[in-house]
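Novice: Below is a structure I'd like to ask you about.
The values are calculated or read from the model by the stated rules, or taken from the named source; none is laboratory data. Predicted, not measured: the structure shown is a model, and the values here were computed from it. Backbone-built Cβ (ideal geometry, glycine too); neighbour counts: all protein chains shown. Just so you know, the surface numbers come from the protein's heavy atoms only, side chains and all, with ligands and any DNA or RNA stripped out. Shrake-Rupley method; radii C 1.70, N 1.55, O 1.52, S 1.80 Å.
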Amino acid sequence: MPPRKPKTVPQAPDTIPLMINNDILRNVRYMLDLPDGKLAAIAALAGLTVPQADIDAYLKKDDEPGYRDCPDKVMAHFLDGLVTQLRGRDETRPPPPVAKRVGNNLVLKKLRVAFELRDDDMHAILDAAGFPLSKSELTALFRKPDHPNYRPCGDQLLRHFLRGLTQRLRP
């Protein structure tokens with residue numbers, strides 16, 4: 001079986017590789033030691049009902065029968081639900097609109113918000129995972145895409161961040 005190509009989202013003028021949503025879902029599930037049923041409940045916190053059979057298909061390895069790609073819609077609702085699960089719902093504000101496209105920068109931002117991580121926490125996590133970044137490189141990841149100092153978050157950086165966050169939460 002040939003290796004899968006990463007998804008890409010058009011960005012002027014280049015394309016940015018995106019980490020596969022299924023990998024992110026599996027990483028977060030392991031990181032928080034969540035049972036499969038809890039993933040659907042977390043997505044429901046953001047207003048999306050996901051059948052358990054779909055969750056099971058998203059958690060399978062790509063070479064297993066029954067595997068399906070996790071769509072951006074499910075991943076966006078899961079990340080928003082994770083923020084609600086870990087930080088609580090702010091009743092004074094309307095819920096933010098759910099993202100249509102989920103890129104690595106958005107995943108990094110949502111995880112940062114969900115776990116209430118500051119810059120020094122982010123640096124410590126990335127250093128522990130063997131991927132140190134300067135302060136300016138880190139802040140560039142959280143800028144809007146049209147900002148001149150915006151930097152796309154690559155798969156390798158996101159993988160190292162997930163690994164470092166897992167080490168922090170599951171020592």
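Novice: Which of the three applies to the chain, rounded, prolate or oblate, going by the alpha-carbon gyration tensor with a ≥ b ≥ c and a/c under 1.5 meaning rounded? Spell out each step's value before the answer.
Specialist: Details: a/c = 1.34, a/b = 1.18, b/c = 1.14.
Rounded shape, in that the Cα axes give a/c under 1.5.
Novice: Calculate, in nm to one decimal, what ASP127 and LYS100 gain on full extension: separation in residues at 0.36 nm each, minus their alpha carbon distance.
Specialist: 6.6 nm
Novice: Apply 1/(1 + (r/R0)^6) to the Cβ-Cβ distance of TYR67 and VAL113, taking R0 = 41 Å, and write down the FRET efficiency to the nearest 0.05.
Specialist: 0.90
Novice: Quote to one decimal, in nm, the extra length available between GLN52 and HIS147 on full extension: 0.36 nm per residue of separation minus the C-alpha distance between them.
Specialist: Values: separation 95, 0.36 × 95 = 34.20 nm, distance 3.96 nm.
Fully extending the segment from GLN52 to HIS147 adds 30.2 nm.
Novice: How much accessible area per residue does the chain have, in Å², with a 1.4 Å probe? Spell out each step's value before the answer.
Specialist: Numbers: 9820 Å² over 171 residues.
With all protein chains present, the chain gives 57 Å² per residue.
Novice: Pulled fully out, how much extra length does the chain show between THR92 and ASP120, if you take 0.36 nm times their separation in residues and subtract their Cα-Cα distance?
Specialist: 7.2 nm
Novice: Here's something else I'd like to know. Would you work out if region 53-127 is rounded, prolate or oblate? Take a ≥ b ≥ c from the square roots of the eigenvalues of the alpha-carbon gyration tensor; rounded if a/c is under 1.5, else prolate when a/b is larger than b/c, oblate otherwise.
Specialist: oblate
Novice: Leaving out ligands, DNA and RNA, what percent of the accessible area of the chain is carbon and sulfur, probe 1.4 Å?
Specialist: That fraction is 53 percent.
Novice: Using θ = phi - 60° and the Karplus form 6.51 cos²θ - 1.76 cosθ + 1.60, what ³J(HN,Hα) does each residue of region 89-95 get, whole Hz, x for Gly and Pro?
Specialist: Rounded to whole hertz, the list is 8, 8, 6, 7, 10, x, x.
Novice: Amide H neighbours of ARG143 under 5 Å, counting only residues 5+ apart in sequence or on other chains, H built in-plane at 1.01 Å?
Specialist: Answer set, sorted by chain and number: ARG151.
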